[in-house]
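As structure tokens, the structure follows; a few thoughts come after it.
The values are calculated or read from the model by the stated rules, or taken from the named source; none is laboratory data. No experiment lies behind these values; they were computed from the predicted model shown. Methodologically, a virtual Cβ is constructed for each residue, glycine included, from the backbone with ideal geometry; neighbour enumeration extends over all protein chains shown. SASA here: full protein model, heavy atoms, side chains in, ligands and nucleic acids out. Shrake-Rupley method; radii C 1.70, N 1.55, O 1.52, S 1.80 Å.
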Amino acid sequence: MKILGVGDSVMDAYLHQRMLYPGGNSVNVPVLALRYGAQAAAYIGLMGDDEPGRHFLRVLEEEGLDTHRIRVMRAKTAQNYIRVDETGDRHFVGHNGFDVAQLMAQLRLRDEDYALMEQYDLVHTSVHSFLDEFLPAIGRRAPLSMDFSDGYTPQNIERLCPLLRFAFFSGGHKSEDEIETLAQSALRSGARTVVITRGLQGSCVFEQGCKHTQKAVQVNAIDALGAGDAYIAAFLFTYLNHDGDIALAAESASEFAAQCCLHHGAFGRALEL
């Protein structure tokens, strides 16, 4: 599998450690997919030219991603302020302002970006990347995967799912009936494979006429940040490399997500604050 991420990037600032960790769903998924065994990975997005931004870019290059379509701006790199509680769960408690590269400019895709996408088996993005106007053009170049996380509404499900090969949702606080309703809504709207992660309750995978329920792998977590992105990375890799085997993909994804909870940050590589 060759995967390209496009969209959101952010430094996760762990205030209790005074450390910055590279993150953002559209970055984490290709990085973690490459670690999991993907043949190639790339990222298209925005970075600031400050020290955190330079560190971020350097890390992606060291991880082996193609970064030549990243835009670097004369601005700060966005930071989310995070505290981790005694159970390993993380809480977002602020940010470093609105004068950051990721908010001062909108990512606008060009012909060179689309040409790069055509070299990959899959493009992954997130609902928080605000790329709605570009999604039809992306989908014409490669199958499209999107993480809605918890940022979904009936309106954006209906609007975006017709464009998606894979749709991922977070449903940790939803009942079984609510999970079923959400999945069927996404399927009816056009997504072919719908995955709803539920934290310690495991995950559910839906396709037309098919539902698979997967238990979570229990570990002594120190940090759950990035676990959902690890799940997505391993699920996509396994699904695409094993002829759409849902059960194997969900099992592999749960195991990889659990491993992600054993270290800080989505994929480590911290910079001191």
Exactly one condition in (1) open to solvent by less than 30 Å² (accessible area, probe 1.4 Å); (2) part of a helix (DSSP H, G or I) is false for P22; which is it?
(2)
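Yes or no: V6 open to solvent by less than 10 Å² (accessible area, probe 1.4 Å), out of contact with any Pro (no Cβ under 9 Å at 6 or more places or on another chain) and at pLDDT 95 or above? Quick ask: steps written out before the conclusion?
On the way: open to solvent by less than 10 Å² (accessible area, probe 1.4 Å): yes; out of contact with any Pro (no Cβ under 9 Å at 6 or more places or on another chain): yes; at pLDDT 95 or above: yes.
Criteria met by V6.
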So which residues in the range 28-37 are within 16 Å of K2 (Cβ to Cβ) and crowded, with 24+ Cβ neighbours inside 10 Å?
V29, P30, V31, L32, A33
Among residues belonging to the range 135-148 that are farther than 12 Å from L160 by Cβ and not basic (K, R), point out the one that is surrounded by the fewest Cβ atoms within 10 Å (Cβ to Cβ).
A137
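Does F267 fit the bill of being aromatic (F, W, Y), within 16 Å of the chain's Cα centre (by Cα) and not in a loop (DSSP other than H, G, I, E, B)?
Numbers: aromatic (F, W, Y): yes; within 16 Å of the chain's Cα centre (by Cα): yes; not in a loop (DSSP other than H, G, I, E, B): no.
No: the conditions fail for F267.
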Name the pairs whose Cβ atoms lie under 6 Å apart, with the first residue in the range 149-173 and of a type in the set (K, R), the second outside any helix (DSSP H, G or I), and 6 or more positions between them or separate chains?
R165/P143; R165/L144; R165/R192
Residues in the range 194-215 that are touching a Leu at 6+ places or on another chain (Cβ under 8 Å) and open to solvent by 30 Å² or more (accessible area, probe 1.4 Å): how many?
2
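Given the options H95, H68, H124, name the one that is crowded, with 19+ Cβ neighbours inside 10 Å and either closer than 14 Å to P30 by Cβ or over 19 Å from the mean Cα position of the chain (by Cα) (or both).
Numbers: H95 fails: crowded, with 19+ Cβ neighbours inside 10 Å; H68 fails: crowded, with 19+ Cβ neighbours inside 10 Å.
Residue meeting the stated conditions: H124.
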Of everything in the range 201-226, what is free of Cβ contacts under 8 Å to residues at least 24 places away in the same chain and either in contact with a Gly (Cβ under 6 Å, 6 or more places away or on another chain) or of a type in the set (A, V, I, L, M) (or both)? Give them in sequence order.
none
So D177, is it open to solvent by 10 Å² or more (accessible area, probe 1.4 Å), over 15 Å from K2 (Cα atoms), at pLDDT below 95 and of a type outside the set (S, T, N, Q):
no
Hits in the range 241-265 (condition: open to solvent by 20 Å² or more (accessible area, probe 1.4 Å), closer than 20 Å to C210 by Cα and not charged (D, E, K, R)):
N241, H242, G244, A247, L248
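Could you tell me whether E62 is loosely packed, with under 14 Cβ neighbours inside 10 Å, over 19 Å from the mean Cα position of the chain (by Cα) and under 18 Å from A266 (Cα atoms)? So that I can check it myself, show each step before the final result.
Numbers: loosely packed, with under 14 Cβ neighbours inside 10 Å: yes; over 19 Å from the mean Cα position of the chain (by Cα): yes; under 18 Å from A266 (Cα atoms): yes.
Against the criterion (loosely packed, with under 14 Cβ neighbours inside 10 Å, over 19 Å from the mean Cα position of the chain (by Cα) and under 18 Å from A266 (Cα atoms)), E62 qualifies.
With respect to A191, is the statement that it is open to solvent by less than 30 Å² (accessible area, probe 1.4 Å) and part of a loop (DSSP other than H, G, I, E, B) true?
yes
Considering each residue of the range 134-172, count those that are in a strand (DSSP E or B) and out of contact with any Phe, Trp or Tyr (no Cβ under 6 Å at 6 or more places or on another chain), and give that number.
7
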